[in-house]
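**Q** Take a look at this one; I'll ask things after.
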Amino acid sequence: MKYQRIALIGGSGFVGGHLTHHLRNNGYQCRVLTRRAFRHSALRLSAEVREVDPYMPLELAAALEGCDAAINLVGVLHAGPKGQDFRSAHVRLTENVVEACHQVGVRRLLHMSALHADQAMGSSEYLRSKGEGENRAHTLGKPDIAVTSFRPSVIFGPGDSFLNRFAALLKIPGPMPLACWDTRFSPVYVGDVVAAFTRALPDRKTFGRRYDLCGPETFTLEEIVRLVALHTGRHKGVIHLPDWAARLQAQVLQYVPGKPFTPDNYLSLQTDSVCSDNGLDNFGISGTSMKALLPELLSKAGS
């Protein structure tokens with residue numbers, strides 16, 4: 001089947017913006033569903049933008065009318081206001097998306113999960129809820145909806161909240177106290193992630209499959225921080241926090257605006273974000289080097 005019009009739930013975020021442009025450049029028509037359409041006028045150059053509350057099942061189903069496929073990109077890293085906690089965003093909303101697809105006859109669904117979300121006893125509520133939502137997408141979609149899910153490591157690229165967050169934190173005077181400094185990551189480039197989504201969309205071999213996505217390099221958290229410091233001209237010391245201090249830091253920083261580090265983030269960092277089987281290989285995608293792109297990505301972050 002050839003899919004023409006694609007609905008992106010959560011399409012106004014970091015990955016959604018890149019994916020919308022990529023899909024449009026590959027001949028697809030995109031409909032971005034967002035709760036605050038007025039904030040995303042730039043997306044109207046690439047897509048139809050509709051203001052929709054995805055927690056309202058009837059409203060969501062109406063917004064999916066006329067679409068051939070749906071892509072669920074919704075995810076939160078911190079528990080937030082009512083209706084935006086982990087289970088609401090990752091489980092209940094996923095159930096709404098699948099039900100809406102059934103109601104209006106959308107037969108293809110791509111779902112954004114997270115690396116290691118498949119672990120039944122995931123260490124953090126973020127990972128547990130992501131895993132539960134992923135499983136709901138696959139089980140509730142049967143037998144009529146062809147579901148493919150993706151589990152990326154941390155995603156980097158222009159406008160990300162990963163490298164740029166460290167660039168901002170490095171502007172704070174004094175040495176940087178770093179929790180979980182030896183946790184390992186294989187950061188994956190946003191361009192590679194959206195290419196995998198786009199190639200999977202019409203490919204029947206991906207129906208029912210789940211793909212881990214990682215970049216070609218593995219770094220400890222400390223190595224990533226030092227690379228960001230190098231390319232932003234912020235040469236400073238890094239203090240390795242012992243476990244008790246890391247837990248205390250998370251307890252304190254969860255109340256700072258922007259929640260730079262929370263107890264649930266700490267629990268997520270107890271699991272290395274690396275792949276044993278990289279799904280990019282299934283799509284013929286050679287992972288992009290983060291180290292090679294850092295000078296370009298951080299060229300303005302040092303000011």
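**Q** If you filter segment 1-92 for trypsin sites (Lys or Arg not before Pro), then keep DSSP loop positions with at most 15 other Cβ within 10 Å, what is left?
**A** Values: sites: 2, 5, 24, 31, 35, 36, 39, 44, 50, 82, 87, 92; in loops: 2, 35, 36, 82.
Those that pass, being in a loop and sparsely packed, are 2, 35, 36, 82.
**Q** Continuing with this model, one more query. Using Cα atoms only, what is the angle between the long axis of helix 93-104 and the major principal axis of the chain, expressed in degrees (0 to 90) to the nearest 10?
**A** So the inclination is approximately 20 degrees.
**Q** Going 7 Å from the Cα of residue 289 in the Cα-to-Cβ direction, what parts of segment 165-209 have a backbone nitrogen less than 15 Å from that spot?
**A** Output list for this probe position: 187, 189.
**Q** Another question, if that's okay. For a Förster distance of 35 Å, can you work out the FRET efficiency between the beta-carbons of residue 87 and residue 161, rounded to the nearest 0.05?
**A** Working: r = 22 Å, r/R0 = 0.62.
My answer for the efficiency is 0.95.
**Q** Let me ask something else. Using the C-alpha atoms of segment 138-229, what convex hull volume per residue, in cubic angstrom, is computed? Could you put the intermediate results ahead of the total?
**A** Numbers: hull volume 11.4 nm³, N = 92.
For segment 138-229, the hull spanned by Cα atoms encloses 124 Å³ per residue.
**Q** Hey, another quick one. Check residue 108: other-chain or 5+ apart residues with amide H under 5 Å from its amide H, H built from backbone geometry?
**A** Excluding prolines and chain starts, which carry no amide H, the hits are 70, 146.
**Q** Against the longest principal axis of the chain, how steep is helix 221-232, in degrees 0 to 90 to the nearest 10, with axes from Cα atoms?
**A** Once rounded, the angle reads 80 degrees.
**Q** To continue, here is another question. Per the Kirkwood formula on distinct C-alpha pairs, the Rh of segment 243-303 is how many angstrom?
**A** This gives a value of 15.0 Å.
**Q** Once phi is turned into ³J(HN,Hα) by the Karplus curve 6.51 cos²θ - 1.76 cosθ + 1.60 with θ = phi - 60°, what whole-Hz value does each residue of segment 175-187 show in order, with x for glycine and proline?
**A** x, 9, x, 10, 7, 6, 4, 9, 5, 9, 10, 10, x
**Q** Treating only the Cβ atoms of Lys and Arg (+1) and Asp and Glu (-1) as charged, compute the dipole magnitude of the chain about its Cα centre; round to the nearest 20 debye. Write down the numbers at each step before the final one.
**A** Values: 34 positive and 28 negative charges, 126 e Å.
It comes to approximately 600 debye.
**Q** Next up: Based on a Kirkwood Rh over C-alpha pairs, give the Stokes-Einstein translational diffusion coefficient of segment 1-114 at 20 °C and viscosity 1.002 mPa s in µm²/s. Before the final figure, lay out the partial values.
**A** On the way: Rh = 14.0 Å.
In µm²/s, the coefficient rounds to 153.
**Q** Among 160, 243, 192, determine the one that fluctuates most according to a GNM of the chain built with springs between C-alpha atoms less than 10 Å apart.
**A** 243
**Q** Give the percent of DSSP beta bridges with both residues in the chain that are antiparallel, rounded to the nearest 5. Please list the in-between numbers first.
**A** Values: 2 of 33 bridges.
If I count the DSSP bridges inside the chain, around 5 percent turn out antiparallel.
**Q** Under unit Cβ charges (Lys, Arg +1; Asp, Glu -1), what dipole magnitude, rounded to 20 debye, does segment 51-116 have relative to its Cα centre?
**A** Numbers: 5 positive and 8 negative charges, 53 e Å.
Its charge dipole is roughly 260 debye.
**Q** Okay, next question. Around residue 35, which amide H atoms from residues at least 5 apart in sequence, or from another chain, sit under 5 Å from its own amide H, with H modelled in the peptide plane?
**A** Under 5 Å from the amide H of residue 35 lie the amide H atoms of 52, each far enough along the sequence or on another chain.
**Q** Structure shown: which of 130/236; 171/291; 205/291; 205/259 lie over 30 Å apart, alpha-carbon to alpha-carbon?
**A** Flagged as over cut-off: 130/236; 205/291; 205/259.
**Q** Sticking with this one: If the only charges are +1 at each Lys and Arg Cβ and -1 at each Asp and Glu Cβ, what is the size of the charge dipole of segment 230-293 around the Cα centre, to the nearest 20 debye? Please report the intermediate quantities before stating the final value.
**A** Values: 5 positive and 5 negative charges, 91 e Å.
Dipole size: approximately 440 debye.
**Q** I need the phi-derived Karplus couplings for segment 256-269: 6.51 cos²θ - 1.76 cosθ + 1.60, θ = phi - 60°, integer Hz, Gly and Pro marked x.
**A** Ordered by residue, 3J(HN,Hα) equals 7, x, x, 6, x, 7, 10, x, 6, 4, 4, 5, 4, 6 Hz.
**Q** Which value, to two decimals, describes the C-alpha radius of gyration of segment 159-303 once divided by 2.2 N^0.38 Å? Let's see the in-between values first.
**A** Numbers: Rg = 17.0 Å, N = 145, 2.2 N^0.38 = 14.6 Å.
Rg over 2.2 N^0.38 Å, computed on Cα atoms: 1.17.
**Q** Please report, in Å, the Rg and the Dmax of segment 1-53, where both are computed over Cα atoms only.
**A** In order Rg, Dmax, the Cα atoms of segment 1-53 give 10.2, 34 Å.
**Q** Let me ask another. Per residue of segment 137-151, what does 6.51 cos²θ - 1.76 cosθ + 1.60 with θ = phi - 60° give for ³J(HN,Hα)? Whole Hz please, x for Gly and Pro, Karplus curve as stated.
**A** Result, ordered by residue: 4, 6, 6, 6, x, 5, x, 8, 10, 7, 10, 10, 10, 10, 10 Hz.
**Q** What number, rounded to the nearest 500 deg cm²/dmol, is the helix-based mean residue ellipticity at 222 nm of the chain, given -39500 (n - 2.57) per DSSP H run of at least four residues and division by all its residues?
**A** Taking each H run of at least 4 residues, the total per residue is -10000 deg cm²/dmol.
**Q** Given bins 20 angstrom wide, list per bin the percent of all Cα-Cα distances in the chain, short to long.
**A** 33, 58, 8
**Q** Let me ask something else about it. Once you measure Cβ to Cβ distances between cysteines in the chain, which Cys have no partner under 4.7 Å?
**A** 30, 67, 101, 180
**Q** Tell me, in nm to one decimal, what length is gained between residue 204 and residue 44 on full extension, where the rule is 0.36 nm per residue of separation less the Cα-Cα distance? Before the final figure, lay out the partial values.
**A** Working: separation 160, 0.36 × 160 = 57.60 nm, distance 3.03 nm.
My answer for the length gained is 54.6 nm.
**Q** Now, a different point. Hey, what did the chain get for relative contact order, percent, Cα under 8 Å, at least 6 apart? Intermediate results must be reported in sequence, preceding the final value.
**A** Numbers: 594 pairs, mean separation 51.3, N = 303.
Reported relative contact order: 17 percent.
Laboratory data are not the source of any read-out in this text; all were calculated from the coordinates shown. Everything quoted here is computed from the prediction, not taken from an experiment. Counting neighbours? That spans all protein chains shown, and the Cβs are built from the backbone with ideal geometry, glycine included.
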